[in-house]
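The values are calculated or read from the model by the stated rules, or taken from the named source; none is laboratory data. These numbers come from a predicted model, not from an experiment. FYI the Cβ positions are ideal-geometry reconstructions off the backbone, even for glycines, and counts take in every protein chain you see. Ligands, DNA and RNA are stripped out before the accessible areas are found, and what is left, the full protein with its side chains, is counted by its heavy atoms. Shrake-Rupley method; radii C 1.70, N 1.55, O 1.52, S 1.80 Å.
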Amino acid sequence: MMRNLHLLLLIGTFFLLAACTSSKKSSVPVVGFVDAFEDATIAQAKNGFTDALAKNGFSEAKGTVKIEYQNAQGSIPTLTQIVNQFVTKPVDLLATSTTLSSVTAAQKTSTIPIFMMVSPTPERAHLTDAQGKAPSNLFGTVEDLNYIDTSFSIIPRLLKPRGNKLVVGMIYNQSEPQSADAMQRINDLAGKLNITLVALPLNSSTEAQLVTQSLLNKNIDAFFANPDNTVFAAFETILKSCNQKKVPVFTSEAGLVQRGAVAAFGADIYQWGYQSGLQAAQYLKTHGTKGLKPEMVKVRKRVYNADAAKKYNISVPSNYEAIK
């Protein structure tokens, strides 16, 4: 009888310790960070996000938060699996970088708060209902297409056409809502600016070199790198092909200027992530979402690449800052 009592006491102690350990672990919030693909520019958003958390007391180094990072490497099935795992766990919040991550997360959970970055507005991402309302668990920082007008409009100011009319080429992913929307907006803007736009579709970054070569064979004066995941992923390939044909690359993304495009007026990707991180930190502090909503990205920059500008003998306006 005494032996059985001792055994029961040992078992009870074991479960008590396990419960305490579990309780201790659960006191540290877990962030599920979902990246759709590997990219040097996009990676800056994660850095900004984690820096904002750390500045507000949520640091992995200090053990006050656990950030579980997963990258889908451009695979939609992998992306879906990652989100499903985080939702099943569940994590305390989801941080989603780029459109595909944000859309997938919104489709898989209506309860876990989602803090978006490098993503369009819910309307542009087709995440609103028939009444135009976005899911109640969507937060973070988003962008609309207004800034593209400024980025594209600078091309005729800086570049003279080889023929009678300026010809600008671009590629777009027809399966990405923000890419297709951007193409349509640029096409409308090109007409107003008396620019001929040549746009070719593609489905993945692996097609970028072939499609870019086809575009360059159409005697374009400039290439416009629009906000598109495939463009981000294949930018070095695109840039190399354009440089070989002596065609300058313009963009709406400041991060691509750092990688070799001539100029842009666009969001700072690090600050984009940082802005979303501040919202996430507020949620972790208050355990509530009161006052939080998707907000427009605040930090946009007019930047240029001095080496690229020199290569093409382009004089950039004084209100553009040379990127470091």
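At-a-glance table
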| read-out | value |
| --- | --- |
| Positive dipole terminus of the chain, leading residue within Pro294, Gly63, Ile82 (C-beta point charges) | Gly63 |
| Cα centroid separation - region 197-235 against region 238-294, whole Å | 20 |
| Whichever aspartates and glutamates have a C-alpha closer than 15 Å to that of Lys108, once near sequence neighbours (fewer than 8 apart) are set aside | Asp92 |
| Highest to lowest packing among 148-154, 316-322, scored as the average C-beta count within 10 Å | 148-154, 316-322 |
| Rounded D (µm²/s) - region 64-190, Kirkwood Rh over Cα pairs, Stokes-Einstein at 20 °C, 1.002 mPa s | 128 |
| Equivalent ellipsoid semi-axes, region 166-259, via Cα gyration tensor eigenvalues times 5, rooted, Å | 17, 16, 13 |
| Nonlocal amide H pairs with Ala225, under 5 Å, H built at 1.01 Å | Phe250, Thr251, Ser252 |
| Segments 185-196, 300-311 sorted - mean Cβ within 10 Å per residue, highest first | 300-311, 185-196 |
| Carbon and sulfur %, accessible surface of the chain computed with the full protein complex present, 1.4 Å | 52 |
| Neighbourhood net charge (9 Å Cβ-Cβ; Lys/Arg +1, Asp/Glu -1) for Thr121 | -2 |
| Ellipticity estimate at 222 nm from DSSP helix runs (n ≥ 4, -39,500 (n - 2.57)) divided over the chain, nearest 500 | -13500 deg cm²/dmol |
| Solvent exposure, largest accessible area first (probe 1.4 Å, DNA, RNA and ligands not counted), of Val103, Val34 | Val103, Val34 |
| Translational D in µm²/s for region 243-324 (Stokes-Einstein at 20 °C, 1.002 mPa s, Kirkwood Rh from C-alpha pairs) | 148 |
| 12 Å beta-carbon shell around Lys133, net charge (K/R +1, D/E -1) | -1 |
| Calculated FRET value between Asn84 and Lys246, using beta carbons and R₀ = 30 Å, to 0.05 | 0.05 |
| For the chain, convex hull volume per residue from C-alpha positions, Å³ | 161 |
| Packing rank of 223-235, 38-50, where each peptide gets the mean count of other beta carbons within 10 Å, highest leading | 223-235, 38-50 |
| Projected area averaged over orientations for region 104-171, convex hull of C-alpha atoms, nm² | 6.8 |
| Accessible area of region 181-309 divided out per residue, in Å², using a probe of 1.4 angstrom | 42 |
| Rg to Rh, two decimals, where region 135-294 supplies the alpha carbon set and Rh follows Kirkwood | 1.05 |
| Simple spin-label estimate for Gln213 and Lys133 in nanometres, 7 Å along Cα-Cβ | 5.2 |
| Cross-link table Lys89/Lys324; Lys245/Lys301; Lys290/Lys324; Lys62/Lys89; Lys46/Lys218, entries beyond 31 Å C-alpha to C-alpha | Lys89/Lys324; Lys290/Lys324; Lys46/Lys218 |
| Pairwise label distance in nanometres, Val28 with Ile76, each label 7 Å out on the Cα-Cβ vector | 3.7 |
